[in-house]
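Some notes on the structure that comes next.
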Amino acid sequence: MARKKVNTANFYEQGIKEFTDSNYSEAMISFLKASDNKKNKNIAGAQFYIGWMYQNGLGVDKSYKKAFKYYKKSAHQDYTEAQNNIAVLYFHGVGVKKNHKKALTWFTAASEKGNTASQTWLGSLYRDGLGVTQNYEKALFWFYKAAESGNTKGQCYLADAFSDGKCISLNYDKAAYWYRKAAEQGDLDAMFELGMMYQLGQGVLKDYTTAMYWYTNAANEKHVGAQSQIGYFYSIGKGGVELDYNKAIHWYKLAAEGGNTAAQTNVGCMYQRGHGVGIDYSEALRWFKLAAKNGNTAAKRNIGDLYRDGLGVEQDYKESIRWYSLSAKQGNKDGQLSLARMYIEGMGSKVDYDIALQWLEKALKNGNNTAQTYIDQITALKSKSPPFRPLTVIYDSDYLPDYLQKADIDNMVVVDQEAINDEKRKLNNSSDLPISEIRNETKADIIGVKEPH
């Protein structure tokens, strides 16, 4: 008696149903049976699902090598999702040796067949020159392809290009347009970016309340950047909310515990200043060190402050210089100014105006305008015959240390009377947190380092 043939197409359909119902072990059995018949039109789809399940450990032990094996089988049959995924594995070097050129090949194959995820990836490879010569024109071509097909990442990447001006001329209006397209489809990064554009008034009228709306939508879905921004808004009383340090630290901690280094730094600042919590320099140091370990340069500068002033640690000027140097060498303008001050005052080092000038010039170039005051003073002193009169540091409100009370300003040696008067006005009128707080009023402060994909 002849053996009855099994319709492998039915196994594929059964596998889809079991997969949808989260019966992964049964789904894996069905997909494996469906993949046995090379004449089955759904064999590529079955192989793709097998690869996906191995990649994610669904119904089987996770294995990137086995995922790669099945993706490759499917990809060679022009299954674009498999082509995209095998390219991703090549890109990251997971389950196979990292190879950006091979990633490019597979992303290209899938992109030309209309796979929008691959089009977004392909655009990013051309943008960053990975596996191929950098080509902004081709990057934009693929970003547009993906964006116009409704791919939210493609829309975000196209918006990024208009907002940073690297691939194409800066155009905040178009950036806001594409961020909005993606945000309205639920993309959390787009919600965050659109909120930032309303906060900064880029491509739209500045509107903290609308910014808060988009941040809240993203924050409720655990977007740590948006959570950090809500904390910031509560710390300054903007975005349709009143100043509330308790709520500020609540949101900062949510973001900080999610790995956001700006929020980690700001939690430290809240403990340092006693905003929403009792003053606790040791706890401030703990948060600063966590943020510093994760690369935050403002946190490194803040640690330098604590060692300089002996807050929560034994006063140690050399250790202060070490932390200021770490911050300064990574381009933090405030760390550069703080380091220069140490050389001006001879704290942890001999007085050295030449080294101080080098760091002051870098700080000024990076946007710290206070540095100009010191540059002018040192330049004036160096133009006279030695011995030089010791330079008196003027503290602006951004850098006013805890131990310097308002009355102390009147007792300082006046180097620039107008600057001193400005500090009095700022101290009397400002409710802003100190500069050690990441103010989040520039795009660089808000986004920090943006991870690809």
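Mind scanning 101/362; 113/153; 166/362; 145/253; 293/365 and naming the pairs with a C-alpha gap bigger than 29 Å?
Those over the limit are 101/362; 145/253.
Using just the alpha carbons, could you tell me how many Å³ per residue the convex hull of region 296-393 encloses?
Per-residue hull volume (Cα only) is 83 Å³.
I need the peptides 135-141, 26-32 ranked by packing, meaning the mean over residues of other C-beta atoms within 10 angstrom, with the highest value on top.
The most tightly packed comes first, giving 26-32, 135-141.
Past the 22 angstrom mark, what percentage of all C-alpha to C-alpha distances in region 1-112 do you count?
33 percent
Return the long-range amide H neighbours of residue 77 (sequence gap of 5 or more, or a different chain), with a cut-off of under 5 Å between placed amide H atoms.
For residue 77, whose amide H was placed from the backbone, there are no distant partners under 5 Å.
Grab the beta carbon distance between residue 329 and residue 149, set R0 = 60 Å, and tell me the FRET efficiency rounded to 0.05.
Using R0 = 60 Å, I get an efficiency of 0.85.
Could you sort 186-198, 278-290, 217-229 so that the peptide with the highest average Cβ count within 10 Å comes first and the rest follow in order?
My ranking of the peptides, most packed first, is 186-198, 217-229, 278-290.
Rounded to the nearest 0.05, what FRET efficiency do residue 282 and residue 63 have when you use their Cβ-Cβ distance and R0 = 56 Å?
Computed FRET efficiency for residue 282 and residue 63 comes out at 0.80.
Under a crude label model (7 Å from the Cα following the beta-carbon direction), how far is residue 184 from residue 293 in nanometres?
4.4 nm
None of the figures in this text is laboratory data; all of them are computed from the coordinates on show. If you're wondering where the values come from, they're calculated on a predicted model, not measured in any experiment. Here Cβ is always computed from backbone atoms with ideal geometry, including for glycine, and neighbour counts include all displayed protein chains.
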